[in-house]
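All remarks here apply to the structure that follows.
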Amino acid sequence: MLVLFETPAGFALFKVLDEGKLDKVEDLWKEFTTSDSARRVVELKAFNKFENTSDALSAATLIIDSKPSKGLRKFLQKHCEGETLAVADSKLGNAIKEKLKIDCIHNSAVMELMRGLRNQLTELITGLGAQDLGPMSLGLSHSLSRYKLKFSPEKVDTMIIQAIGLLDDLDKELNTYAMRVREWYGWHFPELTKIVTDNIQYAKVVKMMGNRANAVNLDFSEILSDEEVETQLKEAAVISMGTEVSDLDLLNIRELCDQVLALSEYRAQLYDYLKSRMNTIAPNLTALVGELVGARLIAHGGSLLNLAKQPGSTIQILGAEKALFRALKTKHSTPKYGLIYHASLIGKASQKHKGKISRSLAAKTALAIRYDALGDGEDNSIGTESRLKLETRLQVLEKTEFGKSAGSAKGKPKIEAYEKDRKKGAWALITPAKAYNPAADVFLGKSTEETPKKSELASKKRKHHDAETAPPTEPAAEAIQEDGDQDRKKKKKKKSKETEETPVADADGEKKKKKKSKDTEEEPSVATAEGGKKKKKKKADTDGEDVAMQAEESGKKDKKKKKKKHADDE
């Protein structure tokens, strides 16, 4: 078995003398503690030296990509006929096996063997000293790093990342400086803050005017386009309530204004540079979301290639990671957009449709980024087509919403029930409206004889019902009490006669008498209650008989009337 080992000086092939020692992987490192023991395990069979640095660089770059170089293929074909080859990279072994038909091995024993060879490399390869190996490896690593930085497609968009970062910093500094100018000059001319709202125009006006007393004699038409604003400024300068400042203070304020104007000019130049770079590197992304949003997405993703690996759902919420994890932690709804919210398409959409448009825009943006990062074309055709489709979709959504609000045929507005009579609860129903009852009306001056007989019957029934439910009247109660008193007197007389005839008994007898007296006291009360019930029943029977008699009489009268009518008709 042969072992392929890469060095900064070239490729080396070692012959394994004792393959049985490879079975004991844990003890294999002991064989490479000294150079003599290492020579008993392996020996150098062939060495292919690099001709120059460019040859070494090309071979190293191909080895990193798991591809054999042309010199390596010739070297293996010459020395590896009918042998198995141990390699440190499994992908490289598969490439050698496909192209050269050489069996390759890669396992833990091979990796341990490579570690031992690296430890005793200068002793096993004659003519390769440690003082030569160090500078060769350092020079090769430097040249390889320069080659990767120069030709890597990931590093082309570094300028965009730096430019957008600087642009954001400039915006912060400009706002800070402009607010400082307003606060500082506001002590001298406080009314100017409300008259001139733009920061750059404010700095220009302060630089030109200096002291507010000079405003009347100056012409601000080049700075202020509106003549009304200029007249307001001059009138306010005359009647201003600000304090007086010295010339030295005005000099420092003017220098600060110069800084603000210089920063604004540099920001405009930087924005033009960023715009040109974005149109060159990511034209489709720029056509979809604009230069600033596209540059911020690239900067947040790290590079254009890293951003191309992300799905549309990730691009949609890119920049809102804090809100996303807070929503997942608190179990609330996740955010619908991140940095992509500042795109012009989402700004055009209404609040109801921003989520839908952001999702569609993120999907189209993912396709545009992949085409810009991995495609060969340099035009923005995909981005412009996608933008047109999204604009038409937005128009359709807005039209359907307008149709629903107007009550068109496609979307009729829902008519909700009147909530006044709705009952509370899960199974709530609307109570029906109460109808007008004309029978409840009362007319003054109408005789009682004209009322129908049905109402008389109904009133009698009501009276009968009231009589049943009402308590007994006072005379009835008095009669019941008199009956009860008479019964008690009779019983007492009987008991007195019995006591006279019979002698007084023992204590047991007295107890029995007490019990009997109690029973006798309870009996009259029960009797009175039964008597009251019987009287009520009698009254109810009499009332029922009266009602029945009245009904029969009314029926007879109706029959007589019908007979008279029939006779008259004949």
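The values are calculated or read from the model by the stated rules, or taken from the named source; none is laboratory data. These numbers were taken from a predicted model, which means no experiment stands behind them. Because the Cβ atoms are built from the backbone with ideal geometry, glycine has one as well, and the counts that use them run over all protein chains shown. These accessible areas exclude ligands, DNA and RNA; they are computed on the full protein's heavy atoms, side chains included. Shrake-Rupley method; radii C 1.70, N 1.55, O 1.52, S 1.80 Å.
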Query raised in the report: Just checking, which of Gly302, Gly312 is at positive phi and among the small types (Gly, Ala, Ser)?
Result: Gly302
Query - Residues that are within 17 Å of Lys207 (Cα to Cα) and either of a type in the set (Val, Ile, Thr) or touching a residue at least 40 places away in the same chain (Cβ under 8 Å) (or both), drawn from the range 230-243 - result: Leu233, Ala237
Query - Flag if Lys356 is part of a helix (DSSP H, G or I), within 27 Å of Gly319 (Cβ to Cβ), at pLDDT 90 or above and under 26 Å from the mean Cα position of the chain (by Cα) - result: yes
Report task. Return a yes/no flag: does the range 16-25 have any residue that is modelled with pLDDT of 85 or more, among the hydrophobic types (A, V, I, L, M, F, W, C) and under 17 Å from Thr126 (Cα atoms). Result -> no
Query - Candidate set from the range 291-302 (those that are touching a Leu at 6+ places or on another chain (Cβ under 6 Å) and either open to solvent by 50 Å² or more (accessible area, probe 1.4 Å) or not in a helix (DSSP H, G or I) (or both)); member that is nearest to Leu270 (Cα to Cα) - result: Arg296
Query raised in the report: Scanning for something at pLDDT below 85, among the hydrophobic types (A, V, I, L, M, F, W, C) and under 17 Å from Phe11 (Cα atoms), does the range 64-73 turn up at least one residue?
Result: yes
**Report entry** Residue that is acidic (Asp, Glu), modelled with pLDDT under 85 and over 25 Å from Val25 (Cα atoms), where the choices are Asp168, Asp132
**Finding:** Asp132
Query raised in the report: How about the range 172-187: which of its residues are more than 11 Å from Leu263 (Cα to Cα) and touching a residue at least 60 places away in the same chain (Cβ under 8 Å)?
Result: Arg180, Val181, Trp184, Tyr185
Query - Residues satisfying the stated conditions in the range 303-357, i.e. crowded, with 17+ Cβ neighbours inside 10 Å, of a type in the set (D, E, K, R) and more than 26 Å from Glu398 (Cβ to Cβ) - result: none
Requested in this report: From (1) open to solvent by less than 20 Å² (accessible area, probe 1.4 Å); (2) within 30 Å of Ser303 (Cα to Cα); (3) not hydroxyl-bearing (Ser, Thr, Tyr), pick out the condition that doesn't hold for Met114.
Outcome: (2)
**Report entry** Flag for Lys309 being among the basic types (Lys, Arg) and within 17 Å of Lys364 (Cα to Cα)
**Finding:** yes
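In the list Lys30, Lys49, which residue meets the criterion of being farther than 28 Å from Leu138 by Cα and either of a type outside the set (Asp, Glu) or touching a helix residue (DSSP H, G or I) at 6+ places or on another chain (Cβ under 8 Å) (or both)?
Numbers: Lys49 fails: farther than 28 Å from Leu138 by Cα.
Of Lys30, Lys49, the one residue that is farther than 28 Å from Leu138 by Cα and either of a type outside the set (Asp, Glu) or touching a helix residue (DSSP H, G or I) at 6+ places or on another chain (Cβ under 8 Å) (or both) is Lys30.
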